1. Six or more apart or on different chains, Cβ under 8 Å: which pairs go from a residue in region 1-30 that's of a type in the set (Lys, Arg) to one that's crowded, with 17+ Cβ neighbours inside 10 Å and in a strand (DSSP E or B)? Could you list them?
2. Pairs needed: first member in region 462-483, over 24 Å from Pro567 (Cβ atoms); second member anywhere, of a type in the set (Lys, Arg); C-beta distance under 7 Å; at least 6 residues apart or different chains.
3. Do you know which residues across region 163-182 are part of a loop (DSSP other than H, G, I, E, B), free of Cβ contacts under 8 Å to residues at least 12 places away in the same chain and closer than 21 Å to His218 by Cβ?
4. Which condition breaks for Trp160 when tested against (1) crowded, with 16+ Cβ neighbours inside 10 Å; (2) free of Cβ contacts under 8 Å to residues at least 60 places away in the same chain?
5. Could you identify the single residue in Glu524, Glu615 that is in a strand (DSSP E or B), surrounded by fewer than 19 Cβ atoms within 10 Å (Cβ to Cβ), of a type in the set (Asp, Glu) and in contact with an Asp or Glu (Cβ under 7 Å, 6 or more places away or on another chain)?
6. Checking the conditions here, which among Pro551, Pro532 is in the same structural domain as Val608 (by TED's automatic domain parsing), surrounded by 18 or more Cβ atoms within 10 Å (Cβ to Cβ), over 32 Å from the mean Cα position of the chain (by Cα) and within 30 Å of Val626 (Cβ to Cβ)?
7. Looking at Val862, is it at pLDDT 90 or above and touching a Leu at 6+ places or on another chain (Cβ under 6 Å)?
8. Of (1) modelled with pLDDT of 95 or more; (2) outside any helix (DSSP H, G or I); (3) farther than 25 Å from Gly304 by Cα, Trp133 satisfies all except one. Which?
Amino acid sequence: MAIPALVASHAGVWIGDASGQVRGLSRGEAIARAGDSPHLLLNAPVTASRLGLGELSGLDLLELFAFLFPARFAIPTPRGLAAALGIAPPGHEGDAAFLQRAAAALLAVPGQADWAQRHGAWTSLQSLIRQRWAWAPHLARLIDKPKAPERHVFQTLPKWEEAPSRPAPRVVLLDEGEVEGELARLVGPAAETREGQRAYARAAARAFASRQEAGRPHMVLAEAGTGIGKTLGYLAPASRWAAEADGAVWVATYTKALQRQLDAETQRIWPDPQVRRAKVVVRKGRENYLCLLNLEDAVQGGFGGRAAVFARLAERWAEYSRDGDMVGGDLPGWLPPLFGRTSFAGLTDRRGECIYAACPHYRSCFIERATRASAGADLVIANHALVMINAARGRAEGAGLNRLVFDEGHHLFDAADATFAVALTGREAVELKNWLLGPERAAGRGRRRGLAARLADCISYDDEAALAVEAVAEAARALPNDAWLARVAGDTGDTAIERLLAAVRAQVLARAPADEADSGYGLETEVAEVSPRLVEAAADAAAALQKLARPMAQLDGRLALLLDDPPDWLDGGARARVEGARAGLQLRAGLITAWTALLARLGGPADVDFIDWLEIVRADGRLLDVGIQRRWLDPMRPFAGAVLEGAHGVLVTSATLRSRPDALADDWRDADARTGAVHLPGPALHFAAASPFDYAAQAQVLIVTDVRPRDVAALAHAYRALIEAAGGGTLGLFTAIARLRAVHARLADPLARAGLPLYAQHVDPIDTATLVDIFRAEPGASLLGTDALRDGVDVPGDSLRQVIMEGVPWPRRTVLHAARRLAGGGNAFDDRVTMGRLAQAFGRLIRRADDRGHFVLLGPAVPSRLLGAFPPGVPIERVTLDEAVTLVRAGVKAGKALPDVPSLGPQ
């Protein structure tokens, strides 16, 4: 293809000219050439980052791929693109001519008779031509106008239909033999019999029995070591129960990666795609899905520039998407970053602005379709937070949330902590005001005009409702305006809530150490002995919130009467709109009640059930938010009341439910506390199955004693030496983003020149899931990250043969941590948290029976009591960095056997 191509990496920069000749050039020359004429690129943001630019325009092959193959994923690297297109991979890292070959292969797609995504391409291209998309002129010559007009995406999407309520599940008792038979069918006849997995399935089946007493579910805590096969172990009884009882099982995970994995595993149960589509539904929060009304706004002029191009590509994707999930679904994770995150956010429902039946796309809505599909499904794959929110609000679809599986159960405490938290912050208050009045900068844009506009036709027939809406609007002016941050930063405010936030900021700064007040990082202080100014501001803010709550309650009452005795004009659409408004009012009334209780704490006694603190959120010196935070001391109390007590059976499972794998068989006290089992009237059933892996032969823990974790130069040197010794294949875990970035800056170039690509979370402009995909697929690659990569990452095989942690992952010292530490036993509490994190990090290393590798912990001060976090029998050695490098190199060279070293073991 006669278009020059540009490749930039940490190892250098190369250009392929129009004739296909490739040569290296300096970054300065590459920047100048790229500015003179458009070049073929692969992932423009990454290329710009390698060149040290803020942005770079050109002919991005990923954009072309997304247009030609909507709802299809490709790993966004040269090798990944080659695999997706079925062409020869690049000959070397700087093979810029490969981009030209890939472009030719992509541009040949429209000429193929079997191009499955042809429909809609011509119509979409006409819009992209008007947006001056870089690829449009090249495609215009290749895509012919169809003989018949193409249907718009809003016409092609399937419509959901109302269905009768699902009856309560039948009472069935699962037979152990049937469960084992179903498990055997799922694993296949060629699989070896694993007694641990069979025992696990039998234990999991206990969670599907019908309860005998209200508020007393069958609760099973099942710890299954890596390699047991717990996913199929609980899917076997879950699918049997769903089929026999005609009920739905909700399986909740903490990470989107496990949701994808679960969805894929269900193919074993229902191989037929059409049957599976009816039986399995993936559910997430509303903010994950494409909003069709937002999409319509965007393509009709709401977006401009590059954002408008993304909107058109999203429009094309929507026609082929399975479920409209933009986060972790079939929209490639690398696509939104090509255009900026604001474009993505503008297409999802993030502001609670849904108008339900008043929306012209209501019957095609992805969110509504998923909600209704889950009512008739056998298996609903959701996340912890959604299950908790649905249960707390009484919004369990269909037969209800009465059979629950919480996978990644070690995160259940954290999920409940966030779900049942209360935050009175500037951002939260602005969001409330926007829902009531509409965003100030979106005046006149349909549904965004606020509550009055959404209910205009209904309240026009009810004077009392109209007066209540006016009173709500007047009282809502006490909430912050859009420019509240600037005023609060200036220690002032135009409204009662803004003055409260200014007083909060002043209190936090007054207590901050001198070296932290101007650091540019976030600050916090506990709510105790607060200033008279803050107490007075809190009283004024509480009065303003109560003034707002009264007309909201009045309006809710009038709307309830409207539904109880509907007039002739209240058709189905208006009813749905009123019901949606009532649900929103009740949700926000609950929020105001929680805020008012929190404000009462500022001038009154402490509530022993809660932990309250004042907070300033800053990043890189910029003020982002100010407010008051409240968490339950034990969030499993509201979790037990909202979720567990209403269920018949609950299975909580993980490889690390207990903080240490060598715990005594009957030592489940910490697991019972962190899953809510202690708040039930009867005991939970406990089950544990050790991993079948031979950790003594497969893994080795190295504690490097001569590297100081906070010495960036020493850390960088250690990471480089260990990555080179392993030949890549390394997952590096950090406890601080700043150190991750500093180490990456020192390592990326030299490792790349050695043929060992290095990727990094919080550095590379690539979403985390895609980074993991690249790491899994690229030979010799290494990946640096933080908490998100410590668990939930499944990279079996040779791609991951070494895990490095930059120090002991102690809990961060916060007001919240200090209170829970005091209640949880002091140092023993810290040890449990830290050991859980170490166990999860180690769990990334050995995922299959043939995996081998090293777990390296950098830092001289690793207490022996923490070593119980590692599996019994794994060799543990305290060594110098040079000795560690020798051991890693020898282990990689041996391939199938690690050096025989003595184990320190837990002491």
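1. If the second residue must be crowded, with 17+ Cβ neighbours inside 10 Å and in a strand (DSSP E or B), the pairs left are Arg23/Trp14; Arg23/Ile15; Arg27/Ala8; Arg27/Val13.
2. Between residues of region 462-483 that are over 24 Å from Pro567 (Cβ atoms) and residues that are of a type in the set (Lys, Arg), the close pairs are Ala475/Lys547; Ala476/Lys433; Leu479/Lys433; Pro480/Lys433; Asp482/Arg441.
3. The answer is Asp175, and nothing else.
4. The one condition Trp160 does not meet is (2).
5. Glu524
6. Pro551
7. Here the answer is no, as Val862 does not meet what is asked.
8. Just one mismatch for Trp133, condition (3).
The values are calculated or read from the model by the stated rules, or taken from the named source; none is laboratory data. Values in this document were obtained by computation on a predicted structure and should not be read as measured data. Because the Cβ atoms are built from the backbone with ideal geometry, glycine has one as well, and the counts that use them run over all protein chains shown.
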